[in-house]
Amino acid sequence: MKFGVIVFPGSNCDRDVAMVVQDILQQPTRMVWHEESDISDLDVVIIPGGFSYGDYLRCGAIARFSPALQATLQHAEQGKFVLGICNGFQVLTETGLLPGALMRNRDLHFVCDRVPLRVERNDLPWTQNYEQGQVITLPIAHGEGNYYADPATLEALERDRQVLFRYCTPSGETTAAGNPNGSLNNIAGICNQRGNVMGMMPHPERASDPMLGCTDGLHLFKGLLLANESRQLVHS
């Protein structure tokens, strides 16, 4: 399974993601400069965290116009996988690949912490290596991670089961006490209706190396590999 990690001026988590998929999982990986327009060789496109183009105007607003993102739109339309992490999630909402928007955190402070998340469903490639309802721990680091959407969009997200992760308490309760940024419905990660595009504010790549003491994030990437193996068996 070939991964591509888009690199913008201002990206600062691109190498972290590449280390996980290339070094830990031993998958072919290449860095995709934001001016590239041919990504036809890739199975998975990852838009990493950081501050694409310095986050001028607003987070992700300029990145949506890059050639690499225009190519990513076509990549997603073909049913291939797209993952946006932190700033990458913001970029995906700006492009319209995912609904809603990420706003300033509830207390207007940058939040850097490790937080519990509840896995809402495990029947997609992204989450199949977890248990439904499982509470995992992932790092967050953002100033604009407060997920917002209008009532109709929120209703559709819940109805179509597009919410994959929610902020929660250590015991799994999705209360205000377990919400670090004010996100509506405690939303931490969502997917599109088709299920091939996912965005999340927490950083799974920062919880993938055993040397860091937590590998809860690694299972997300392993889920993709399991999905790819299943596809190969079907077509063999």
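Rule-based calculations on the coordinates, nothing more; no lab input. This one's a predicted model, so the numbers in the text were calculated from it and none came from an experiment. Every residue, glycine among them, receives a Cβ derived from its backbone with ideal geometry; neighbour counts consider all protein chains shown.
In the Gaussian network model of the chain, springs joining C-alpha atoms below 10 Å, which of L83, L124, L164 carries the largest mean-square fluctuation?
L124
How large is the direction-averaged shadow of the alpha-carbon convex hull of the chain, in nm²?
Its Cα hull, projected and averaged over all orientations, spans 12.0 nm².
Between G143, G213, G60, where does the largest GNM mean-square fluctuation fall for the chain, given springs only between Cα atoms within less than 10 Å?
So, out of G143, G213, G60, the one fluctuating most is G213.
Are there DSSP H segments in the chain that both extend 24 Å or more along their axis (alpha-carbon positions) and score a mean Kyte-Doolittle hydropathy of at least 0.0? List them, or say none.
Helix filter hits for the chain: 218-235.
Using the Cβ atoms and a cut-off under 11 Å, what net charge is assigned to the surroundings of R194, where Lys and Arg are +1 and Asp and Glu are -1?
Working: positive: K80; negative: E77, D160.
The answer is -1.
With runs of 4+ DSSP H residues as the only contributors, calculate the mean residue ellipticity of the chain at 222 nm using -39,500 (n - 2.57) per run, divided by the residue total and rounded to the nearest 500.
For the chain, the value works out to -6500 deg cm²/dmol.
Computed from the mean reciprocal separation of all distinct C-alpha pairs, what Kirkwood hydrodynamic radius does the range 38-155 have, in Å?
Taking the inverse mean of 1/r over all distinct Cα pairs, the range 38-155 comes out at 15.6 Å.
If we count every other residue with Cβ under 10 angstrom of L102's Cβ, Lys/Arg +1 and Asp/Glu -1, where does the sum land?
0
Among A18, A207, A176, determine the one that fluctuates most according to a GNM of the chain built with springs between C-alpha atoms less than 10 Å apart.
A176
Using the Cβ atoms and a cut-off under 14 Å, what net charge is assigned to the surroundings of C112, where Lys and Arg are +1 and Asp and Glu are -1?
Neighbourhood net charge equals -1.
What fraction of the DSSP beta bridges in the chain is antiparallel, stated in percent and rounded to the nearest 5?
If we restrict to bridges inside the chain, about 55 percent are antiparallel.
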